[in-house]
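The structure appears below as structure tokens.
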Amino acid sequence: MPKQFDDSIGRSFRAMTLISLTLGSFSAAFVSASASAEEFSLHTFERQRLTDVYFSEGANAGDIDGDGHADVVYGPYWFGGPDFTEKHEIYPAKPQRRERYADNFFNWVYDFNGDGRNDVFVVGFPATPAYVYENPGPEGFGKPWKKHQVFDSVANESPRLFDLVGDERPELVCTFGGSFGFATIDWERPFDAWKWHRISEEAAPKQFGHGLGIGDINGDGKNDILAAAGWFEQPADSPAEKPWTFHKAAFTNAYGGAEMYSYDVDGDGDNDVVTSLAAHDFGVAWYEQDKSGGETTWKMHLIVGSQPAENRYGVVFSEPHSVALADMDGDGLMDIVTGKTFYSHHKQSPLWDAGAVVYWFKLKRTDDGVDWIPQKIDGEAGIGRQISIADVNGDKLLDVVVGGMVGSHVLLHRKQKVSEQAWKAAQPKVFEAPKRTTQRGPASKIDEATGSVSGAIEGEDMKVISASDGKTSAQVMTGFKRDRWSGGKQLFWSGAKPGAKLELEFDVESAGTFNVATAMTMAGDYGVVQLYLDGDKLGGPLDLYNYPDVVTSGVLKLGAVELSKGPNRLSVEVVGSNIAAQKGYMFGLDYLLLTAE
């Protein structure tokens, strides 16, 4: 098997990344793939778990023992192919704490010293040293491998071992000491310290930067370096000695995502950029390069966002901390492989406890433009911070190797010829977002002198008796310019799940029959709620989904009720969410308005 490292798109795709032990296998949900006039095929993936222990954020593949079969590396172990049932230690194994982070983030397989044996290169927690573990050969597989520290501090959360400068050998692309650049290897002494080359004065985050990639942006045949804020142009010669020109461009609408790629997505002859947008939140996109106006501009095309309505097929997942590009179905076009980096920020990320999904998005060019057709590979393996794509079993189909908080898995690619009818039935359906079931009422009559609705019982002034889940607060709403809230605030309830209940108390000066009206907040991550007044249902469920703007519900009339003098209780129960909503189940009460009959 040849030497392996993360080579460039446009050359043979040989991305290799590590993994762990086999406890069982499971056939994953279907993913459809290719169709032609002659045949229709479905692509499925079989999950093979290597271990459920957290050792690393990444995994890779390569021939460790020289038997011609790909092995898998995950953390301290390599698993012998082709069945991956036997594990061997590279260094003493120590399970990592899921409430913290591993000391091993990325792994690559490459023969650094040219002895015919593939070594393992490990990058740990951002801004910590990198090491090469020297392959001892079969006679040394029973004891720890010799460890060589080759670089003092590898920063950015998407470093790459990559043939950057076209010398057919890899360089380490990362950030170091607050600068972008790459480290070169003295191939006469590959285990000595690697030499750092700063490429620009442009500042880089010193530790936790997100978004880094390599590709030929300007079509000159040389690889450039991509970052979330723009790209660095490789000079015509002496790239290790000359500064690289920085071209400012926003390849994120947030703080940056994962690996970045340059590829001609739309087939118009120039390279575009593919990446995720926010590693710990939401967003996968491609940026279309446009030179028609004389200057290069970049247009973002969202593939997956925070709402089902933002994907043509209704797909939503958070934490896309790694992205790979590969031709998964052999049609000559590069597809996207990504998914959820489960628990990447523990419980801080939105939808942190949703399924650890893995997807590939089939690129399809049509007369109407570009489509990315989602194919679910798996629902439990997740992706960690490094995805490796490799044909690990020699069947000429690309498999997926992943590792992370949920352990490590090999997702083995299967292809089956089927009838046209079966193929069509397996394709994902275009998502049709249902309309919200609650129609907005008329705008609140806010007194310009007071900034409030006359006679309103403000939500933020109500007494919170209890919340069975989540937390409450008074939230200032003046920053949302598409609507106005009485008093400029609301009572905000977040962190609840379906079935949770919030109990509020308000006073009535005298008993009687009152017409009840309310105004609440509507947004893309708000839930469906049922209101109760003194234990009795107050109308039906209220769907508070609205996208993309944060607005009020307007004045909603809820009917007439009998109220006693003194304290009365308003209860709010979360009963679900609109299918098009982000599952945040949030609730905001602007005010309650009582009008005596």
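The values are calculated or read from the model by the stated rules, or taken from the named source; none is laboratory data. The shown structure was predicted, so the numbers you read here are calculated from the model rather than taken from an experiment. When we count neighbours, we look across all protein chains shown, and the Cβ atoms used for this are built from the backbone with ideal geometry, even at glycine. For accessibility, only protein heavy atoms count, side chains too; no ligands or nucleic acids. Shrake-Rupley method; radii C 1.70, N 1.55, O 1.52, S 1.80 Å.
Couple of notes before you dig in:
- From the C-alpha gyration tensor of region 193-265, square roots of 5λ in Å: 19, 17, 11
- Candidate aspartates and glutamates for bridging to LYS340, where Cα separation is under 15 Å - those fewer than 8 sequence places away on the same chain excluded: GLU57, GLU259, ASP281, GLU319, ASP353, ASP378, GLU380
- Cross-link reach is defined here as a Cα-Cα straight distance under 17 Å, omitting same-chain residues fewer than 8 places apart; for LYS445 the aspartates and glutamates meeting it are GLU458, ASP483, ASP590.
- For region 279-378, the residue among HIS280, ILE336, GLY293 whose Cα projects farthest onto the positive side of the dipole built from Cβ charges is HIS280.
- Dividing the mean sequence gap of close Cα pairs (under 8 Å, 6+ apart) by how many residues region 180-323 holds gives a relative contact order of 16 percent.
- Computed over the chain: relative contact order in percent, which uses C-alpha pairs under 8 Å that are six or more apart: 12 percent
- Fully extended contour minus Cα-Cα distance, from PHE208 to TRP298, at 0.36 nm per residue: 29.9 nm
- At full extension, LYS497 and ALA449 could sit 13.4 nm farther apart than now, given 0.36 nm per residue minus the alpha carbon distance.
- For region 208-314, the ratio of Cα radius of gyration to the globular rule of thumb 2.2 N^0.38 Å stands at 1.10.
- Taking 22 Å as the straight-line reach from the Cα of LYS364, the lysines in range (excluding those fewer than 8 positions away in the same chain) are LYS299, LYS376, LYS396, LYS415, LYS417, LYS424, LYS429.
- Segments 289-297, 353-361 sorted - mean Cβ within 10 Å per residue, highest first: 353-361, 289-297
- Based on Cα contacts under 8 Å between residues 6+ apart, region 147-246 shows a relative contact order of 24 percent.
- Amide H contacts under 5 Å for PHE180, placed H, 5+ residues apart: ILE199, SER200, ALA204
- Calculated mean residue ellipticity, 222 nm, the chain: -500 deg cm²/dmol, from DSSP H runs (n ≥ 4) at -39500 (n - 2.57) each, averaged per residue and rounded to 500.
- Using the Cβ-Cβ distance between GLN439 and THR478 with R0 set to 25 Å, the FRET efficiency from 1/(1 + (r/R0)^6) comes to roughly 0.45.
- Scanning residues 5 or more positions from SER56 or on other chains, those with amide H under 5 Å from its amide H are GLY404, with H placed 1.01 Å from N in the peptide plane.
- All Cα pairs of region 96-190, percent lying beyond 18 Å: 48 percent
- Accessible area of region 495-597 divided out per residue, in Å², using a probe of 1.4 angstrom: 37 Å²
- Heavy-atom accessible surface of region 235-282, averaged per residue, reaches 39 Å², computed with a 1.4 Å probe.
- Taking only the Cα atoms of the chain, the ratio Rg/Rh comes out at 1.05, with Rh defined as the Kirkwood radius.
- Rg over Rh [alpha-carbon atoms, Kirkwood Rh] for region 366-479: 1.22
- Amide H contacts under 5 Å for THR552, placed H, 5+ residues apart: ARG484, MET522
- Per-residue SASA remark: ILE446, around 30 Å² accessible (1.4 Å probe; ligands, DNA and RNA not included).
- Solvent-accessible area per residue for region 294-378 (1.4 angstrom probe, square angstrom): 37 Å²
- Furthest towards positive pole of dipole, VAL132, ASN578, TYR313, structure part the chain, Cβ charges: ASN578
- Taking a point 7 Å from the Cα of ASP290 along the Cα-to-Cβ direction, the residues of region 297-315 with backbone N closer than 11 Å to it are 297-301.
- In Å, descending, principal axis extents of the Cα set of region 422-563: 68, 35, 28
- Distance between modelled label sites at TYR532 and ASP237, nm, 7 Å Cα→Cβ extension: 8.1 nm
- Packing-based ranking, highest mean first, of 384-393, 266-275, 41-50, 505-514 given that Cβ atoms within 10 Å are counted: 384-393, 41-50, 266-275, 505-514
- Magnitude of the charge dipole, region 344-393, Cβ model with Lys/Arg +1 and Asp/Glu -1, debye to 20: 140 debye
- For region 271-352, the fraction of C-alpha pairs farther apart than 17 angstrom is 54 percent.
- Taking only protein heavy atoms and a 1.4 Å probe, the accessible area of the chain is 48% carbon and sulfur.
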